[in-house]
Amino acid sequence: MTKEDRQVIGEDIKLVQFRWPLGMPLVRKIEADLWEVRSHLSGGRIARVLFTVRSTEMALLHGFIKKTQKTPANDLQLARERTNLWWRGGE
């Protein structure tokens with residue numbers, strides 16, 4: 001990933017962190033306790049960072065470049081597992 005791509009993603013995450021709660025087009029709720037930050041990169045690519053929020057803490061769970069309309073099942077499952085681990089207290 002280029003430096004510019006990482007900057008775009010970082011700025012979007014920072015915006016969500018400091019202005020939570022936010023909605024579309026930057027943030028979309030996936031399911032209970034699971035959201036995604038949607039970052040538009042050069043070349044028409046879209047990066048997704050899945051996250052959860054507990055009280056005043058935001059945990060970034062998984063990031064990927066989305067290539068299809070539907071979030072891939074393995075990416076979603078990984079985020080769910082990490083969400084469950086984080087909510088149980090293991091970081």
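Some points to look at:
- Annotation for region 9-91: trypsin sites (Lys or Arg not before Pro) lying in DSSP loop with at most 11 further Cβ atoms inside 10 Å of their Cβ are 67, 70.
- A Gaussian network model of the chain, with springs between Cα atoms under 10 Å, assigns the largest mean-square fluctuation among 47, 59, 79 to 59.
- Whole-percent carbon and sulfur share, accessible surface of the chain, 1.4 Å: 52
- Cα centre as origin, Lys/Arg/Asp/Glu Cβ charges: the chain dipole, Debye: 220
- Of 59, 8, 69, farthest towards positive along the dipole that unit charges on Lys, Arg, Asp, Glu beta carbons give the chain: 69
- Computed from Cα atoms, the angle from the helix 3-19 axis to the main principal axis of the chain rounds to 40 degrees.
The values are calculated or read from the model by the stated rules, or taken from the named source; none is laboratory data. Being a predicted model, the structure only gives us computed values, none of them experimental. Every residue, glycine among them, receives a Cβ derived from its backbone with ideal geometry; neighbour counts consider all protein chains shown. These accessible areas exclude ligands, DNA and RNA; they are computed on the full protein's heavy atoms, side chains included. Shrake-Rupley method; radii C 1.70, N 1.55, O 1.52, S 1.80 Å.
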